Amino acid sequence: MIRFWLALALFIAWPAAADEPLRVATYNTGLGRNGPGLLLKDILDRDADILAIAEIIATVNPDILLLTGFDNDYQIVALNGFNALEGLGYPFVFAPLGNAGLQSGLDINGNDRLRDWNDAWGFGRFEGSEGMALLSRFPIQSTRSFDHLLWQSFGPAPLATDGTPFFAHWPQLRLASHSLWDIEITLPNGPLHILAAHPTPPVFDGEEDANGLRNEAEITFLNRFLSSVPATDDRGLTATLPATPVILLADINADPTRGESLKSALQHLLTHPRLQSVPTMDTVDWETTGRLQVDYVLPDKALKLLDFGVFWPEDPALLNTAETRHRLIWVDIEMPE
């Protein structure tokens with residue numbers, strides 16, 4: 001009887017027919033604060049920027065949404081509070097804390113002190129700072145995180161001017177600046193995998209180009225995993241990405257032709273034989289560089305691409321209230337029968 005009611009609850013939670021378009025999106029909300037608990041306070045206070053971001057999401061109305069730039073906590077209290085705002089209410093969420101702000105116990109920045117911001121596995125003011133969260137109207141069947149993978153397995157070491165490794169603890173450094181996820185979602189007509197990431201910005205460094213090299217290495221992981229190269233997850237299990245359809249959702253922090261990022265891995269990703277080519281669309285407006293594409297939704301070639309877009313209306317009032325420089329990017333797809 002318990003199984004019956006669980007199945008009934010899942011059926012009710014699902015959107016309607018299997019042949020309806022599925023809208024999948026990603027959005028860097030810019031909802032990072034200077035300390036833990038501050039975002040929750042602002043959500044409870046119903047700050048105007050938070051309500052504007054929720055309104056944008058409700059307007060686009062994605063069925064599956066990856067949030068980046070969102071302060072997470074152990075019990076997902078802030079995410080649950082945000083999800084309870086008008087027009088949202090996703091029944092399934094996944095938001096573990098990643099590497100951002102997670103202290104390594106190492107003196108990574110070499111200043112003879114521990115527990116600086118730069119001594120975390122990924123840059124962050126606190127654990128969960130500006131993290132990732134997946135929200136879905138469909139059940140999340142299984143999840144895999146790859147936050148313990150080593151940077152050295154996916155790219156070269158940043159070098160100091162004398163040619164030595166820039167980081168004293170280079171062999172121990174982790175690849176993911178935030179998180180790398182493979183999430184299986186159960187749709188009415190079959191499973192869909194979401195490959196989610198938020199590589200580090202390829203700026204804010206020196207001649208060693210540490211952030212540029214890490215950004216490139218994180219994208220290299222995505223290329224390899226999409227190419228069926230086995231990877232070991234944080235539970236120690238090694239497997240490949242299944243052949244079932246996949247959609248890449250990411251704030252990659254890199255434009256294919258503009259900006260300071262290295263281009264090779266991104267160009268490979270955008271032409272990956274497993275993924276469809278979606279036209280370039282500006283997704284961010286930074287004061288220093290202007291408009292760039294750094295956020296991506298890239299569907300499997302097995303999926304029928306019906307429509308795509310970026311939330312960039314002519315009336316900027318809502319965007320200005322939302323404050324984040326990023327724009328929500330989405331695609332409509334149809335699953336294979």
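Where a number appears in this text, it was derived from the coordinates with a stated rule and is not lab data. Because the structure is predicted, anything quoted here is derived from the model rather than measured. Reconstructed Cβ throughout: ideal geometry from the backbone, glycine too, with neighbour counts over all protein chains shown.
What to note about this one:
- Among 322-330, 271-279, the order from most to least packed when residues are scored by Cβ within 10 Å on average: 322-330, 271-279
- Three semi-axes of the equivalent ellipsoid, region 212-270, Cα gyration tensor, whole Å, largest first: 24, 13, 9
- Protection-proxy order for peptides 194-205, 172-183, each taking the mean of Cβ atoms within 10 Å per residue, highest first: 172-183, 194-205
- Against the chain, whose longest principal axis is taken from its Cα atoms, helix 210-226 shows a tilt of about 40°.
- Expected 222 nm ellipticity per residue - DSSP helices of 4 or more, -39500 (n - 2.57), all of the chain, to 500: -6000 deg cm²/dmol
- Those residues of region 101-118 whose amide nitrogen sits under 18 Å from the label point placed on residue 260, 7 Å along Cα→Cβ: 118
- By definition, a body whose alpha carbon gyration tensor gives a ≥ b ≥ c is oblate when a/c is 1.5 or more and a/b is not larger than b/c, and region 144-284 fits this oblate description.
- Virtual spin-label span in nm between residue 320 and residue 228, 7 Å along Cα→Cβ: 5.3
- Answer label for mean projected area of the Cα convex hull in nm² (calculated), chosen among (1) 17.8; (2) 15.2; (3) 29.5: (1)
- Between the beta carbons of residue 58 and residue 160, assuming R0 = 56 Å, the FRET efficiency works out to 0.70 to the nearest 0.05.
- Highest-MSF residue in the chain out of 121, 286, 170 [GNM, Cα springs under 10 Å]: 286
- Potential extension, residue 84-residue 304 segment - 0.36 nm per residue separation minus Cα distance: 76.0 nm
- On full extension, the segment bounded by residue 207 and residue 106 gains 34.1 nm, given 0.36 nm per residue less the C-alpha separation.
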